């Protein structure tokens, strides 16, 4: 039977942990609101750029543009976006499990695969795996800005046009709600899904300068925007996952405190009863 002093220390320790998890939940909730606002502001821009590029790509020879050109090679790279910190439930585990499944599927079909990693969790995970790591970015989510997307986008464009890899996919957690995130795998390069949507266009566009010049500028820009969109989605999903995880941890701590307090009171009552019985027994002996 544990001592009363040990039970008191354990209850106090759990109460301190509960305070921490509750504070982390409140911080995540405050940050999540700002992250949601950023996503809502960025989504229309990203969607409209895809529509405009769909119209542009339908007017030109796709083989003349490096980011639209398809290659017969089978070198694939996967950009994995995870968080820098833990304590967010299964957020990172879901991404890494899906990334491993995807890489193995592609290897079985004859692809040579490499990975580029965003976040310390992805870096630490793939350091212990056999897949080749080409590039790593850590500390991105401490102060997420468009500069990070510029860095990632320029690196991807340079290596794709130089022939380092023939296809690029990205895997990240898409933010749906506080309690729901969805692991998404999207193909970024070559840009082959930019088909024009006539209903969305609402008519034709007049381009100045011509389509060829605009594509040279907008295609890398589109990749940067999609990278930034994925980073913001991942940041919001991480905050939502951490908020839900800390809420669950706070509730579990409360339930554990109740159980331990009840056990402590029973143990204390039993100890007091035993002491009283010893006193009564000693008094009977003295008579």
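Taking the conditions (1) more than 28 Å from residue 110 (Cβ to Cβ); (2) modelled with pLDDT of 80 or more in turn, residue 81 satisfies each one other than (1).
Just name the residue that is farthest from residue 158 (Cα to Cα) out of those in region 120-136 that are in contact (Cβ under 8 Å) with a residue 40 or more places away in the chain and surrounded by 20 or more Cβ atoms within 10 Å (Cβ to Cβ). Top of the filtered list is 125. Taking residue 97, is it assigned by TED's automatic domain parsing to the domain that holds residue 169, closer than 30 Å to residue 245 by Cβ and without any contact (Cβ under 8 Å) to a residue 60 or more places away in the chain? Criteria met by residue 97.
You will find that of 261, 273, the residue that is over 30 Å from residue 88 (Cβ atoms) and over 17 Å from the mean Cα position of the chain (by Cα) is 273 and no other.
May I ask you to say which residue of 45, 146 is touching a helix residue (DSSP H, G or I) at 6+ places or on another chain (Cβ under 8 Å) and either under 25 Å from residue 245 (Cα atoms) or surrounded by fewer than 15 Cβ atoms within 10 Å (Cβ to Cβ) (or both)?
Working: 146 fails: either under 25 Å from residue 245 (Cα atoms) or surrounded by fewer than 15 Cβ atoms within 10 Å (Cβ to Cβ) (or both).
The unique qualifying residue is 45.
Residue-wise test of (1) in a helix (DSSP H, G or I); (2) at pLDDT 75 or above; (3) within 29 Å of residue 209 (Cβ to Cβ); (4) more than 22 Å from the chain's Cα centre (by Cα).
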residue: 21; (1), (2), (3), (4): yes, yes, no, no
residue: 28; (1), (2), (3), (4): yes, yes, no, no
residue: 39; (1), (2), (3), (4): yes, yes, no, no
residue: 48; (1), (2), (3), (4): yes, yes, yes, yes
residue: 53; (1), (2), (3), (4): yes, yes, yes, yes
residue: 70; (1), (2), (3), (4): no, yes, yes, yes
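The combined condition, being modelled with pLDDT of 90 or more and buried (at least 19 other Cβ atoms within 10 Å of the Cβ), is not fulfilled by residue 175. Of all residue pairs spaced 6 or more apart or on separate chains, those with beta-carbon atoms under 8 Å, a first member in region 14-34 that is touching a residue at least 12 places away in the same chain (Cβ under 8 Å) and a second member that is outside any helix (DSSP H, G or I) are 24/87; 32/178. Only one of the numbered conditions (1) more than 26 Å from the chain's Cα centre (by Cα); (2) loosely packed, with under 14 Cβ neighbours inside 10 Å is violated by residue 218, and that is (2).
Residue 33 meets all of the listed conditions (1) surrounded by fewer than 18 Cβ atoms within 10 Å (Cβ to Cβ); (2) part of a strand (DSSP E or B) but one, namely (2).
The values are calculated or read from the model by the stated rules, or taken from the named source; none is laboratory data. None of the values given here were measured: they were computed from a predicted structure. FYI the Cβ positions are ideal-geometry reconstructions off the backbone, even for glycines, and counts take in every protein chain you see.
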